[in-house]
Amino acid sequence: MFVRRLQLPLYSINLFCYAVVMKFFLTLVGLIFVLEGLPYVASPEAMRKWLRQLVNMEPGQLRFMGLVAMTVGFILLWLVR
């Protein structure tokens, strides 16, 4: 009549959580590489032209673009989580 509970040692639970987090992290890194490489495969000529324009931009403009990208990313993460 008595039900025995399976009790796992604490270290095995921590290892399981670590494995799940690492799998998620590596999945995200892989997705970033895919998304970063996609424009170069789809249209290398346009990327070369865009990169030439990027080199000629002022540092302040680049910082502003980076700040906007980070803000959009944080807002997206906040909405999803």
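The values are calculated or read from the model by the stated rules, or taken from the named source; none is laboratory data. Predicted, not measured: the structure shown is a model, and the values here were computed from it. Backbone-built Cβ (ideal geometry, glycine too); neighbour counts: all protein chains shown.
Worth a mention:
Residue-by-condition table, conditions (1) among the hydrophobic types (A, V, I, L, M, F, W, C); (2) modelled with pLDDT of 90 or more; (3) surrounded by 10 or more Cβ atoms within 10 Å (Cβ to Cβ); (4) outside any helix (DSSP H, G or I):
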| position | (1), (2), (3), (4) |
| --- | --- |
| R4 | no, no, no, yes |
| N14 | no, no, yes, no |
| M22 | yes, no, yes, no |
| L31 | yes, yes, yes, no |
| E36 | no, yes, no, no |
| Y40 | no, yes, yes, no |
| M47 | yes, yes, yes, no |
| R52 | no, yes, no, no |
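- Contact map, region 47-67: first residue closer than 17 Å to E36 by Cβ, second residue at pLDDT below 95 and hydroxyl-bearing (S, T, Y), Cβ cut-off under 8 Å, separation 6 or more or different chains; pairs are M47/Y40.
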